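Visitor: Structure provided below as structure tokens; questions to follow.
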Amino acid sequence: MNFFRGVMGGQAAGPQPSGAETIQKLCDRVASSTLLEDRRDAVRALKSLSKKYRMEVGTQAMDHLINILQTDRSDSEILGYALDTLYNIICNDEEEEQDETAQKQADDLGAQFTDQFIQDPEHVTLLLTLLEEFDFHVRWPGVKLLTALLKNQGVQVQGIILVSPMGVSRLMDLLADSREVIRNDGLLLLQQLTKSNAAIQKIVAFENAFERLLDIITEEGSSDGGIVVEDCLLLLLNLLKNNSSNQNFFKEGSYIQRMKPWFEVGDDNSGWSAQKVTNLHLMLQLVRVMVSPVNSPGATASCQKSMYQCGLLQQLCTILMATGVPADILTETINTVSEVIRGSQVNQDYFASVNAPSNPPRPAIVVLLMSMVNERQPFVLRCAVLYCFQCFLYKNQKGQGEIVATLLPSTIDANSISAGQLLCGGLFSADSLSNWCAAVALAHALQDNLTQKEQLLRVQLATSLGKPPVSLLQQCTNILSQGDKIVRRGSKVQTRVGLLMLLCTWISNCPIAVTHFLHNQENVPFLTAQISENLGEDERLVQGLCALLLGICIYYNDNSLENYTKEKLKQLIEKRIGKENFVEKLGFITKHELYSRAAQKPQPVFPSPEQMLFDHEFTKLVKELEGVITKAVHKSSEEEKKEEEVKKTLEQHDNIVTQYKELIREQDAQIQELKEQVASMTSQNEQMQNTLTQQLSQIQQHKDQYNILKLKLGKENQSQSNSQGDISQVNGLQTEELTQLREEVEELRKQHTLLQTQLGDKDALINTLRSETAEGSAAGSDNTELLKELEALRSQVQSQSAEINQMKTERQELLRRAEAGSSDAFSSNDGSSDAAKIAEVESRLAAQTTETEKLKEEAKSLSESRVELEQQLASATSTVAILQTEKAKLQTEVQESKKEQDDLLMLLADQDQKIHSLKQRLKDLGETVDDEDDLDARDQTDDDYEEDEDED
């Protein structure tokens, strides 16, 4: 024990051993001691020295400490000492007092020991196993050690944990630990574990991480919580960012709805703590991750819909209009609202209806635009408002029309400030940043909207008293070209770039706007002068934009102005500028260092106002037009004529192709109908074939019976002799029966004639179907098979009819022989007087009467069979007739039904939109709206409307 007293600070005689020697002795003690207490004391001593002598302990003792973890699993105390010691030598403590060199050395040392520890993956697996121990002295240092390993060598440790059985699940159990310190450090561990590893992120998400994290956030007080809430939010960001699978799982699990309470703010928003600001900032980032423009459009649209339905968007708009909210939170909220409404028509319409709590109430858009054009507002806030306005107009032609309408003369209200007035004010103000923002915002109101480009040409501006008003287009060009006070304002590069971007967006793909622009005689000379001059680096971007504007005037020129046709503008470029020089100046745009930055993402993020030069949507326009303008400038008039001829030929070809497509669609519909007819007739044919098979078997039985009867009657006629007695009475009875048989035969003959007539009609109908079927090329094979089946059916019916006729002939022959036999018997009555012969004749007549009864029954059954066949033929004939008559009706009815359904859908959509907006306005005014009654009433109205349509 004297040795340990010396190590722990006790006084000892003689020279003191060095730190390396002491550590070597402790390591020997750990390796050689058989008593657990000795090993425990030695490990405790190593722990105390591990911070001061980090290098020595890590070099000499790591293997011994790992061996302790493997062999002394039963003693939690020694395990805790060993884990703490390993943590001390691996962890890189970030102390503020250390300089950069010392910190770098410490980091390198931690990475070195981490590599040594994970060199054998079984060491990490052993550490994961130890985390299952519930003892605090084992579990907590184990969590800290694994976190340090992940910080130093995250990718390698992530790979080991990923292949370890139940590795991630063991770490997820830390969130359920009742001891807060372990749970909180478990959050830090999971943060390191889920960094930049999509596979681990998916496993953690499917281990019910979202549910647990949201529960912890709620327990800790949501946005009012402490550092634990921040850790949970950081972990959620790791799990959701750039992980579409987890984002979909988060949405499908209805976790978006649980985010709404985070953003509930009161009336008094003063005195927010720094932690609350941080928490709310991370919460807003979580919302933006779900609706980021880089996500797939379908997933983003689905999340936007959920956020509107659960009221999250409404809650964010409340923060947007609240007072006392910190500036950075307000800025991030504006950015979040921007991406929640971007490209979603329903969300954009709701945002347009939001009013600020002012007197009188003003639309939120107007209030935000007032901040954007106010030079006293913070730069980041103005950028956020611009982004919000851009997202509001993204793929929103309705919103674009509403903004442009506020500039038109018929809709201007002198008593209120409109969005259009604010944009015009910012466009012509003295602040270059306001000029640029207003120009870009107005350009987004015209993006991909030819109607609004033409409408904006009607806007007139009053420049000064006593002077006539000028158009907005003219005023923009005046700022660029005229040499008065306005020019000095617009001489700044930022202002000129903004105006040129607006003009390029405005006149692109709008020949009428190009004509208006060229109508001003000063515009083209100004552009050519700007392009041809040799200016400094700052002006190169302006030159490139002027070249783009002039190129748009060539490409979208309809040659309506004689002085500025395509050919004359190209000749002007060749004489004044030179084609190669023009193309070189045009390329200045894409070569600018800020162009690629703006092209990366829609949100305008600039480090300083001076670097705010390009808009994201404008970079798309430049990319689209640069190549076609270059080709248009180099093309000669002959090539253009050829190209126009090719375009006309292509248009004609497209028209022909369209006609063929319509014809093919019609033929496809006809083929489908014929296929249905073939299917129905095939089923009918199968039924008739089954019936014919049964009838053929019955006819065969009748033929066999008839042959037997014929043989019997032939034998009786040969053996007949003269008879006497009451032959006349019997002969009279037999004559009546024969008369009835003749009548039945005659009736069968009439039925046969009628059946032959029906068969003739059937043949004519088959020929008609054959001619119709020949018209549809695609359905030829199916109809041929149908005709073959019908021919086979007709041949079977004819063969059956022939057999019936043959039976009739044989029956008549039988009756004739019977009559002849009876007359012979009557004539021979004079010469015979023998009583035995008379008795024999009577017995024979009785037998003949019995056979005649049998023949009656057989004839009756044969007649019934024939009636069934006649019914089958009649049903087939009626089916074909119905198909022929209904064919034309179905075509017209389908077209009319489609038109009626489209009209009805449009009507219902408009009605739903109006009802929804009216309900929202009533809710905003404080009125209660019974949604279920409205829905029931509307459903009832829709049902009545559909019933009326069906009756019509």
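Visitor: Would you mention how many residues in segment 657-692 are open to solvent by 90 Å² or more (accessible area, probe 1.4 Å) and either over 17 Å from LYS887 (Cα atoms) or in contact (Cβ under 8 Å) with a residue 24 or more places away in the chain (or both)?
Guide: Of all residues in segment 657-692, those open to solvent by 90 Å² or more (accessible area, probe 1.4 Å) come to 659-662, 665-666, 672, 675-676, 686-687, 690.
Okay, now just the ones that are also either over 17 Å from LYS887 (Cα atoms) or in contact (Cβ under 8 Å) with a residue 24 or more places away in the chain (or both), so 659-662, 675, 686-687, 690.
Count: 8.
Visitor: Another question, if that's okay. In segment 163-172, is there at least one residue being under 35 Å from the mean Cα position of the chain (by Cα) and farther than 20 Å from PHE134 by Cβ?
Guide: Within segment 163-172, one or more residues are under 35 Å from the mean Cα position of the chain (by Cα) and farther than 20 Å from PHE134 by Cβ.
Visitor: While we're here: Yes or no: segment 440-452 includes at least one residue that is aliphatic (A, V, I, L, M), farther than 27 Å from LEU316 by Cβ, without any contact (Cβ under 8 Å) to a residue 24 or more places away in the chain and surrounded by fewer than 19 Cβ atoms within 10 Å (Cβ to Cβ).
Guide: Going through segment 440-452, the residues aliphatic (A, V, I, L, M) turn out to be 440-443, 445-446, 450.
Okay, now just the ones that are also farther than 27 Å from LEU316 by Cβ, so 446, 450.
Next, from what is left, pick out any that are without any contact (Cβ under 8 Å) to a residue 24 or more places away in the chain: none.
Looking for residues that are aliphatic (A, V, I, L, M), farther than 27 Å from LEU316 by Cβ, without any contact (Cβ under 8 Å) to a residue 24 or more places away in the chain and surrounded by fewer than 19 Cβ atoms within 10 Å (Cβ to Cβ), one finds none in segment 440-452, hence no.
Visitor: Identify, from the list SER223, SER196, SER169, the residue that is closer than 29 Å to GLY58 by Cβ and of a type outside the set (A, V, I, L, M). First the steps, then the outcome.
Guide: Values: SER223 fails: closer than 29 Å to GLY58 by Cβ; SER169 fails: closer than 29 Å to GLY58 by Cβ.
Among SER223, SER196, SER169, only SER196 is closer than 29 Å to GLY58 by Cβ and of a type outside the set (A, V, I, L, M).
Visitor: For segment 552-587, which positions are in contact with a helix residue (DSSP H, G or I) (Cβ under 9 Å, 6 or more places away or on another chain), among the β-branched types (Val, Ile, Thr) and surrounded by fewer than 19 Cβ atoms within 10 Å (Cβ to Cβ)?
Guide: Of everything in segment 552-587, just one residue is in contact with a helix residue (DSSP H, G or I) (Cβ under 9 Å, 6 or more places away or on another chain), among the β-branched types (Val, Ile, Thr) and surrounded by fewer than 19 Cβ atoms within 10 Å (Cβ to Cβ), namely VAL583.
Visitor: Which numbered condition trips up ALA301, out of (1) part of a helix (DSSP H, G or I); (2) in contact with a Pro (Cβ under 8 Å, 6 or more places away or on another chain); (3) closer than 18 Å to PRO602 by Cβ; (4) open to solvent by 30 Å² or more (accessible area, probe 1.4 Å)?
Guide: With respect to (1) part of a helix (DSSP H, G or I); (2) in contact with a Pro (Cβ under 8 Å, 6 or more places away or on another chain); (3) closer than 18 Å to PRO602 by Cβ; (4) open to solvent by 30 Å² or more (accessible area, probe 1.4 Å), ALA301 is out only on (2).
Visitor: What are the residues in segment 600-615 that are part of a helix (DSSP H, G or I), under 19 Å from ALA441 (Cβ atoms) and in contact (Cβ under 8 Å) with a residue 24 or more places away in the chain, if any? Don't jump to the end; show me each part of the working.
Guide: Here is the first cut: in segment 600-615, the residues part of a helix (DSSP H, G or I) are 600, 609-611.
Right, trim to under 19 Å from ALA441 (Cβ atoms) and you get 609, 611.
Matches in segment 600-615: PRO609 only.
Visitor: Of the numbered conditions (1) under 18 Å from ILE507 (Cβ atoms); (2) modelled with pLDDT of 90 or more, LEU407 satisfies every one except a single condition; which is it?
Guide: For LEU407, the failing item is (2).
Visitor: Still on this structure, please answer the following. Between a residue in segment 26-38 that is in contact (Cβ under 8 Å) with a residue 12 or more places away in the chain and any residue that is surrounded by 13 or more Cβ atoms within 10 Å (Cβ to Cβ) and part of a loop (DSSP other than H, G, I, E, B), which pairs come within a Cβ distance under 8 Å, given they are 6 or more apart or on different chains?
Guide: That search, which allows pairs on different chains as well, returns LEU36/ASP72; LEU36/ASP75.
Visitor: Just checking, which of PHE206, PHE210 is open to solvent by less than 60 Å² (accessible area, probe 1.4 Å) and either in contact (Cβ under 8 Å) with a residue 12 or more places away in the chain or more than 29 Å from the chain's Cα centre (by Cα) (or both)? It would help to see each step written out before you state the result.
Guide: Numbers: PHE206 fails: open to solvent by less than 60 Å² (accessible area, probe 1.4 Å).
From the options PHE206, PHE210, the qualifying one is PHE210.
Visitor: Now for a separate question. Can you confirm whether GLN390 is polar (S, T, N, Q), open to solvent by 60 Å² or more (accessible area, probe 1.4 Å) and either within 20 Å of ILE329 (Cα to Cα) or touching a residue at least 40 places away in the same chain (Cβ under 8 Å) (or both)?
Guide: Details: polar (S, T, N, Q): yes; open to solvent by 60 Å² or more (accessible area, probe 1.4 Å): no; either within 20 Å of ILE329 (Cα to Cα) or touching a residue at least 40 places away in the same chain (Cβ under 8 Å) (or both): yes.
Here the answer is no, as GLN390 does not meet what is asked.
Visitor: Further question: Determine the pairs where a residue that is among the aromatic types (Phe, Trp, Tyr), located within segment 137-149, has a partner that is part of a helix (DSSP H, G or I) and surrounded by fewer than 24 Cβ atoms within 10 Å (Cβ to Cβ) with Cβ atoms under 7 Å apart, the partner being 6 or more residues away or on another chain.
Guide: Final answer for the pair search is TRP140/VAL181; TRP140/ILE182; TRP140/ASP185.
Visitor: Let me ask something else about it. Quick one: count up the residues across segment 506-535 that are closer than 21 Å to TRP436 by Cα and not in a helix (DSSP H, G or I).
Guide: Number of matching residues: 1.
Visitor: If you go through segment 397-411 one residue at a time, how many are in a loop (DSSP other than H, G, I, E, B) and under 19 Å from CYS437 (Cα atoms)?
Guide: 2
Visitor: Right, something else. Only one of (1) open to solvent by 40 Å² or more (accessible area, probe 1.4 Å); (2) assigned to a helix (DSSP H, G or I); (3) touching a residue at least 60 places away in the same chain (Cβ under 8 Å) fails for PRO293. Which number is that?
Guide: (2)
Visitor: Six or more apart or on different chains, Cβ under 8 Å: which pairs go from a residue in segment 887-902 that's under 21 Å from ILE671 (Cβ atoms) to one that's modelled with pLDDT of 70 or more and not charged (D, E, K, R)? Could you list them?
Guide: From segment 887-902, the pairs are GLN891/ALA669; VAL894/ALA669.
Visitor: When you look at GLY226, is it surrounded by fewer than 19 Cβ atoms within 10 Å (Cβ to Cβ) and in contact with a Phe, Trp or Tyr (Cβ under 9 Å, 6 or more places away or on another chain), yes or no?
Guide: Details: surrounded by fewer than 19 Cβ atoms within 10 Å (Cβ to Cβ): yes; in contact with a Phe, Trp or Tyr (Cβ under 9 Å, 6 or more places away or on another chain): no.
Considered against the rule, which asks whether it is surrounded by fewer than 19 Cβ atoms within 10 Å (Cβ to Cβ) and in contact with a Phe, Trp or Tyr (Cβ under 9 Å, 6 or more places away or on another chain), GLY226 comes out as no.
So that you can scan it fast, the table gives a plain yes or no per residue for (1) in a helix (DSSP H, G or I); (2) surrounded by 20 or more Cβ atoms within 10 Å (Cβ to Cβ):
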position	(1), (2)
GLU133	no, no
LEU145	yes, yes
GLY159	yes, no
ILE200	yes, yes
ASP215	yes, no
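Visitor: Before we move on, is GLN911 modelled with pLDDT under 75 and surrounded by 13 or more Cβ atoms within 10 Å (Cβ to Cβ)?
Guide: On the way: modelled with pLDDT under 75: yes; surrounded by 13 or more Cβ atoms within 10 Å (Cβ to Cβ): yes.
So GLN911 fits the description; yes.
Visitor: Which count do you get for residues in segment 230-253 that are assigned to a helix (DSSP H, G or I) and open to solvent by less than 10 Å² (accessible area, probe 1.4 Å)?
Guide: Start the filter on segment 230-253 by keeping residues that are assigned to a helix (DSSP H, G or I), which leaves 230-240, 244-252.
The next check asks that each one be open to solvent by less than 10 Å² (accessible area, probe 1.4 Å); those that pass are 232-233, 235-236, 239-240, 246, 250.
Number of matching residues: 8.
Visitor: From the list VAL678, VAL730, VAL745, which residue is modelled with pLDDT of 85 or more and β-branched (Val, Ile, Thr)?
Guide: VAL678
Visitor: Here's a check for you: in segment 464-489, which residue that is of a type in the set (A, V, I, L, M, F, W, C), open to solvent by 20 Å² or more (accessible area, probe 1.4 Å) and closer than 23 Å to LEU408 by Cα is modelled with the lowest pLDDT?
Guide: LEU465
Visitor: Further, regarding this structure: If a residue has to be open to solvent by 10 Å² or more (accessible area, probe 1.4 Å) and touching a Leu at 6+ places or on another chain (Cβ under 9 Å) to count, how many in segment 345-355 make the cut? Write out each step before concluding.
Guide: In the first step, residues of segment 345-355 are kept if they are open to solvent by 10 Å² or more (accessible area, probe 1.4 Å); the result is 345-346, 349-350, 352-355.
Okay, now just the ones that are also touching a Leu at 6+ places or on another chain (Cβ under 9 Å), so 350, 354.
Residues that pass the stated criteria total 2.
Visitor: Would you check if there is a residue in segment 313-320 being free of Cβ contacts under 8 Å to residues at least 40 places away in the same chain, more than 23 Å from ASP177 (Cβ to Cβ) and in contact with a helix residue (DSSP H, G or I) (Cβ under 9 Å, 6 or more places away or on another chain)? I'd like the intermediate steps shown before the answer.
Guide: Here is the first cut: in segment 313-320, the ones free of Cβ contacts under 8 Å to residues at least 40 places away in the same chain are 313-314.
Then keep just the ones that are more than 23 Å from ASP177 (Cβ to Cβ); that gives 313-314.
Cutting the leftovers down to in contact with a helix residue (DSSP H, G or I) (Cβ under 9 Å, 6 or more places away or on another chain) gives us 313-314.
Taking every residue of segment 313-320 in turn, at least one turns out to be free of Cβ contacts under 8 Å to residues at least 40 places away in the same chain, more than 23 Å from ASP177 (Cβ to Cβ) and in contact with a helix residue (DSSP H, G or I) (Cβ under 9 Å, 6 or more places away or on another chain).
Visitor: Looking at segment 72-113 only, could you name the residues that are β-branched (Val, Ile, Thr) and either in a loop (DSSP other than H, G, I, E, B) or at pLDDT below 90 (or both)? Before the answer, list the steps.
Guide: First, pick out the residues of segment 72-113 that are β-branched (Val, Ile, Thr): 78, 85, 89-90, 101.
Result: THR101, single match.
Visitor: GLU533 is checked against (1) modelled with pLDDT under 90; (2) closer than 29 Å to LEU457 by Cα and fails just one. What number does that condition carry?
Guide: (2)
Visitor: On to the next question. If you scan segment 588-637, which residues turn out to be open to solvent by 70 Å² or more (accessible area, probe 1.4 Å) and farther than 30 Å from GLU574 by Cα? I'd like the intermediate steps shown before the answer.
Guide: Narrowing segment 588-637 to residues open to solvent by 70 Å² or more (accessible area, probe 1.4 Å): 591, 593, 597, 600-601, 605, 607, 610, 620, 623-624, 631, 634.
Listed by number, the residues that qualify are ARG597, GLN600, LYS601, VAL605, PRO607, GLU610.
The values are calculated or read from the model by the stated rules, or taken from the named source; none is laboratory data. Since we're looking at a predicted model, the values are computed, not measured. So basically every Cβ, Gly included, is an ideal-geometry build from the backbone, and we count neighbours across all protein chains shown. In case anyone asks, the SASA skips ligands and DNA or RNA and just uses the protein heavy atoms, side chains included. Shrake-Rupley method; radii C 1.70, N 1.55, O 1.52, S 1.80 Å.
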